[in-house]
Amino acid sequence: MTDAMTAGRTALVAGGEAHTFAALARLAARRAAELPPLERGRPFAIRPALTLRDVSALLAAAMRGAPVALLPALPDAEAAALRAALPARVPDQVAALVYTSGSTGRRRCAMLDRAAFAASAEAGASVLGWRDDDRWLACLPLSHIGGLSVLTRCLWARRAAVLADPSPRFEPAAVAGQIARDRVTLASLVPTMLIRLLDLEPAWRPPDHLRAILLGGAPASAALLARAAGRGLTVHTTYGMTETCSHVAIDGRTLPGIELSLIDDRIAVRGPVLLRGFAPPDDDVPAVDRDGWLVTADRGAFDQAGHLRVIGRADDVIVSGGEKIDPSAVEAVLESVPGIAAAVVFAVPDPAWGQLVAAALVAGPGRRPDAELAAALAAALADRLARHERPRQIAWLAELPLGPTGKVDRAETARRATAELNPSAPRAPAAPPPPRPRRS
């Protein structure tokens, strides 16, 4: 973890205190003595928090060659069930067992090799580069690839990681203060975190030393990126997932050494960053196809320059009267209406059309769903969406529920919104959806 040239360089900032690589190595060695025996190939299970103690435990395992099994922040019974299901041993090359978010079903445990972490760090560095004074803020959970990869990238590059001050929830004012206090130059956020930073009053202005924010985990709207640019923020949008050891594209550009393609309209990834496979009980689930492609659940497209555009998840598509509707496209229109801060579009069953479009909306600061906002919303829908794309029922929520990584929990949003849907909204389109144009 350390050498003579980097021993005195800052490796970690926690609670405002800087620790060198040499000091962190000593802490990890002491922590190893407190832990159960750490053996190569034998998973060491931990539910890590953003603390010096837990980071030193992760490093202790890495120094001994033991893979870390990162348990998500779940109720104790669920965490215990995941722990009990872990295999007794995994291949020696495995560095971490990381659980997927479970957004497409049951959580799976991805086994990630040391070589995959190194390849991911190298690929990202070739695009973003490193400065001697870089300090990367880790405020995403360490049990998820977005948080863990901040640590692994910084260790690989011998740069400093900054642990967000402990808090059960993302506190934008505290994070803004810490960015200034700890001279953070890079930060990894999800869109909801950036929105909350930009919503701070008085308006938050990023310090000069913050050179970039990496924004991932969910699509970022054009309106959000425009707001960030207006504050002088450099934002790089990223695309990746647990199975790819973090991002594989930055600003739509495929990272070096990685291949992206489309297979049946779904984004497929191939390269050295891919998982080795899934741990039991999903070890019989093929991680990649016979040609080495990981076919994701995300739909995408490439522009003429070869840049990737993520359209949305395949299982989020709404089919109404035989017409396929992309929720993200409808959400973009809704969020462009002044006074609407956030939108989630989902399907509700309908006996005539199969599914209809519904939406959960959050009003912006100081706004409420009054007649003026309703009129602006109706005008935008009529002007920019086809009849079958327009939400037929709307629920206004105080806020959108978030998952453990700060991403919007779409399933929980739909559940809450369904109970609040406006019953007076029309139940079906006034006319059948228009037929698809025929190609000559």
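Computed quantities for the displayed model
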| item | result |
| --- | --- |
| Estimated distance in nm for a label pair at E399 and S336, the labels positioned 7 Å out from Cα along Cα-to-Cβ | 2.9 |
| Charge context of R89, other residues only, Cβ under 10 angstrom, K/R +1, D/E -1 | 0 |
| Burial ordering of K324, K407, fewest other beta-carbon atoms within 10 Å first | K324, K407 |
| Förster radius 25 Å - calculated FRET efficiency between L198 and A118 (Cβ-Cβ, nearest 0.05) | 0.15 |
| Order of M5, M63 - criterion: other Cβ atoms within 10 Å of each residue's Cβ, fewest first | M5, M63 |
| Cα gyration tensor, region 193-352 - rounded (a/c under 1.5), prolate or oblate | oblate |
| Nearest-ten-degree value, helix 145-157 long axis tilted from longest Cα axis of the chain | 40 |
| Share antiparallel - DSSP beta bridges, region 20-147, percent rounded to 5 | 45 |
| Region 317-420 shape via C-alpha gyration tensor axes, a/c threshold 1.5 | oblate |
| Footprinting exposure proxy for D251, D113, D284 (fewest neighbouring C-beta atoms within 10 Å first) | D284, D251, D113 |
| Global geometry of region 263-328, whether rounded, prolate or oblate, following the gyration tensor of its Cα atoms and the 1.5 cut on a/c | oblate |
| Crossing angle, helix 21-34 versus the chain [Cα axis fit, 0-90 degrees, rounded to tens] | 90 |
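Quick note: the coordinates plus some simple rules give every number you see, no bench work behind them. Just so you know, these numbers come straight off a predicted model, no measurement behind them. Positions of Cβ are backbone-derived with ideal geometry, glycine not excepted, and every protein chain shown enters the neighbour counts.
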